[in-house]
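A.B. asks: Here it is: the structure, laid out below.
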Amino acid sequence: MPANRFNGFSDYGVGIGLRIPHYQHILSRKPVVDWFEIISENYMVDGGRPLEILDQILEQYRVVQHGVSMYFGSADPLNREHLKRLKNLARRTGTRWLSDHLCWGSVDGRYTHDLLPMPYTWEAVEVTAQKIRQVQDFVEVPVVVENVSSYAEFHVSEMTEWEFLTEVIERADCGMLLDVNNIYVSSKNHSFDPFTYLNFVPAHRVAQIHIAGHSKFEKYILDTHDHPVLPAVWRLYARAIERCGPTATLLEWDDNIPSFEEVHAEALKATKFLKAAAQAAPESAVSAMEATAATLREQVKAESGAAR
Ligand SMILES: [Fe+2]
């Protein structure tokens, strides 16, 4: 199930994040890269160098937008000006899907600029799913929601993170950006089995996968994006590809950024997993079964609602 309605039915292969230290190399050497992910907020401007660079990149490469400030889980109403700028940028890039995080980060219009973990409650499920639907309706591009790494939990939570995430995504009828490094980081910080999480998420909605490196400290793990991908995260990635089929994969490397070649070589390690999954192919059958099961669940819900 490499391509689905959440990633514009497109098979993107392996990409890397577009970062300033690599601009010159990319524009002068024009290396072969399947696609680049950009941070939308860096290009939501009226003009100047960022957009000049972006336009040159767009002449050669496919670009997908990734956001960091939508805050689907904040109780604040959506910022219409932000949405308009996002939609304009989406028209410019032709992004096949738009991703942002399942988190909150603002209160009464004041922004923390952090991806804060949600309380996993039914009330939060409703509010968050409704907001994602509103964004999707406005931008007219499939919205894809990413699981974050976290370092704190709420006592009021009524379900696990993976149950919460799945409920939100199903109710919003959106796609998922599955970050396997974030699952690993949170699993160590909160003592759960990362494979339990991975095996629960709705594989048929996964439009894209993130891989990244992290840092281990004495009592916790930090999602630093400044290392190669660790073996434990590759094992999770292998399982994710087994479940989802070959899926657009993106390496995040945001700090202590090495040369373009080093980052790209690390990302391309994903290729062997994608090739193996493409050859095995039974996962498309698994995905189809999962999609059918989800449809049946929806029908049962609708019928039981109608019967009331
Ligand atoms: Fe990520």
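The values are calculated or read from the model by the stated rules, or taken from the named source; none is laboratory data. Owing to the predicted nature of the structure, the values given are computational and were not obtained by experimental measurement. Heads up, the Cβs are rebuilt from the backbone with ideal geometry, glycines too, and the neighbour counts pull from every protein chain shown. With ligands, DNA and RNA removed, areas are computed over all heavy atoms of the protein, side chains included. Shrake-Rupley method; radii C 1.70, N 1.55, O 1.52, S 1.80 Å.
A.B. asks: What number of residues within region 130-159 are outside any strand (DSSP E or B) and within 16 Å of the chain's Cα centre (by Cα)?
C.D. replies: 9
A.B. asks: Looking at region 242-260, which of its residues are within 22 Å of Q65 (Cα to Cα) and in a helix (DSSP H, G or I)?
C.D. replies: C244, F260
A.B. asks: Can you tell me which residues in region 132-157 are over 28 Å from H214 (Cβ atoms), in contact with a helix residue (DSSP H, G or I) (Cβ under 6 Å, 6 or more places away or on another chain) and of a type outside the set (V, I, T)?
C.D. replies: Hits for region 132-157 are R133, F138.
A.B. asks: Still on this structure: One residue is enough: does region 95-108 have a residue meeting the conditions among the charged types (D, E, K, R) and under 20 Å from the mean Cα position of the chain (by Cα)?
C.D. replies: Our first condition is that a residue be among the charged types (D, E, K, R); within region 95-108, this holds for 96, 100, 108.
Imposing the further condition that a residue be under 20 Å from the mean Cα position of the chain (by Cα) reduces the set to 96, 100.
Yes, region 95-108 contains a residue that is among the charged types (D, E, K, R) and under 20 Å from the mean Cα position of the chain (by Cα).
A.B. asks: Going through region 265-279 one residue at a time, which ones are more than 16 Å from the ligand (Cβ to nearest atom) and not in a loop (DSSP other than H, G, I, E, B)? Give the steps one after another, and end with the answer.
C.D. replies: Filtering region 265-279 for residues more than 16 Å from the ligand (Cβ to nearest atom) gives 265, 268-269, 271-279.
Those that are more than 16 Å from the ligand (Cβ to nearest atom) and not in a loop (DSSP other than H, G, I, E, B): A265, L268, T271, K272, F273, L274, K275, A276, A277, A278, Q279.
A.B. asks: Now for a separate question. Does at least one position in region 43-58 carry a residue that is among the charged types (D, E, K, R), over 16 Å from the mean Cα position of the chain (by Cα), modelled with pLDDT of 95 or more and part of a loop (DSSP other than H, G, I, E, B)? Spell out how you get there, then give the answer.
C.D. replies: Just the residues of region 43-58 that are among the charged types (D, E, K, R), to begin with: 46, 49, 52, 55.
Next, only the ones that are over 16 Å from the mean Cα position of the chain (by Cα) stay: 46, 49, 52, 55.
Add one more test, that the residue is modelled with pLDDT of 95 or more, and what stays is 52, 55.
Those left that are additionally part of a loop (DSSP other than H, G, I, E, B): none.
Within region 43-58 (the criterion being among the charged types (D, E, K, R), over 16 Å from the mean Cα position of the chain (by Cα), modelled with pLDDT of 95 or more and part of a loop (DSSP other than H, G, I, E, B)), the answer is no, since none of the residues qualifies.
A.B. asks: When region 203-228 is examined, which residues are found to be surrounded by 22 or more Cβ atoms within 10 Å (Cβ to Cβ) and either more than 12 Å from the ligand (Cβ to nearest atom) or more than 20 Å from I16 (Cβ to Cβ) (or both)?
C.D. replies: A203, H204, R205, V206, A207
A.B. asks: Out of all the residues in region 278-285, is one or more among the hydroxyl-bearing types (S, T, Y) and at pLDDT 95 or above? Break it down into steps so the answer makes sense when it comes.
C.D. replies: Kept after step one, since they are among the hydroxyl-bearing types (S, T, Y), are these residues of region 278-285: 284.
Remaining after also requiring at pLDDT 95 or above: none.
The answer is no, given that none of the residues of region 278-285 is among the hydroxyl-bearing types (S, T, Y) and at pLDDT 95 or above.
A.B. asks: Could you please give the count of residues in region 85-114 that are without any contact (Cβ under 8 Å) to a residue 60 or more places away in the chain, out of contact with any helix residue (DSSP H, G or I) (no Cβ under 9 Å at 6 or more places or on another chain), of a type in the set (A, V, I, L, M, F, W, C) and not in a strand (DSSP E or B)?
C.D. replies: Of the residues in region 85-114, 1 are without any contact (Cβ under 8 Å) to a residue 60 or more places away in the chain, out of contact with any helix residue (DSSP H, G or I) (no Cβ under 9 Å at 6 or more places or on another chain), of a type in the set (A, V, I, L, M, F, W, C) and not in a strand (DSSP E or B).
A.B. asks: Cβ-Cβ below 9 Å, separation at least six or inter-chain, first residue in region 252-263 and under 17 Å from T224 (Cα atoms), second of a type in the set (D, E) and surrounded by fewer than 16 Cβ atoms within 10 Å (Cβ to Cβ): which pairs?
C.D. replies: W253/E262
A.B. asks: I would also like to ask the following. Can you name the residue in region 142-165 that is open to solvent by less than 10 Å² (accessible area, probe 1.4 Å) and out of contact with any Pro (no Cβ under 8 Å at 6 or more places or on another chain) and is also farthest from the ligand (Cβ to nearest atom) among such residues?
C.D. replies: Looking at residues that are open to solvent by less than 10 Å² (accessible area, probe 1.4 Å) and out of contact with any Pro (no Cβ under 8 Å at 6 or more places or on another chain), I get F164.
A.B. asks: A follow-up question, please. Mind telling me which of the residues P77, P119 ends up being surrounded by fewer than 19 Cβ atoms within 10 Å (Cβ to Cβ), away from the ligand (no atom under 16 Å from the Cβ) and under 21 Å from the mean Cα position of the chain (by Cα)? Even if it seems obvious, please write down each step before you answer.
C.D. replies: Working: P77 fails: under 21 Å from the mean Cα position of the chain (by Cα).
Within the list P77, P119, the selection yields P119.
A.B. asks: Evaluate the following for V145: is it under 13 Å from G175 (Cβ atoms) and in contact with a His (Cβ under 8 Å, 6 or more places away or on another chain)?
C.D. replies: On the way: under 13 Å from G175 (Cβ atoms): yes; in contact with a His (Cβ under 8 Å, 6 or more places away or on another chain): yes.
Answer is yes for this residue.
A.B. asks: Turning to a different aspect of this structure: Would you be able to say whether some residue in region 247-264 is modelled with pLDDT of 95 or more, polar (S, T, N, Q), out of contact with any His (no Cβ under 6 Å at 6 or more places or on another chain) and away from the ligand (no atom under 16 Å from the Cβ)?
C.D. replies: There is at least one residue in region 247-264 that is modelled with pLDDT of 95 or more, polar (S, T, N, Q), out of contact with any His (no Cβ under 6 Å at 6 or more places or on another chain) and away from the ligand (no atom under 16 Å from the Cβ).
A.B. asks: Could you check, for region 186-202, whether at least one of its residues is within 14 Å of the ligand (Cβ to nearest atom) and surrounded by 24 or more Cβ atoms within 10 Å (Cβ to Cβ)?
C.D. replies: The answer is yes; a qualifying residue exists.
A.B. asks: Could you list, in sequence order, the residues of region 166-185 that are within 14 Å of the ligand (Cβ to nearest atom) and among the β-branched types (V, I, T)?
C.D. replies: V180, I183, V185, listed by residue number.
A.B. asks: Checking D55 against (1) more than 15 Å from the ligand (Cβ to nearest atom); (2) more than 16 Å from V144 (Cα to Cα); (3) among the charged types (D, E, K, R); (4) open to solvent by 80 Å² or more (accessible area, probe 1.4 Å), which test does it fail?
C.D. replies: Single failed check for D55: (4).
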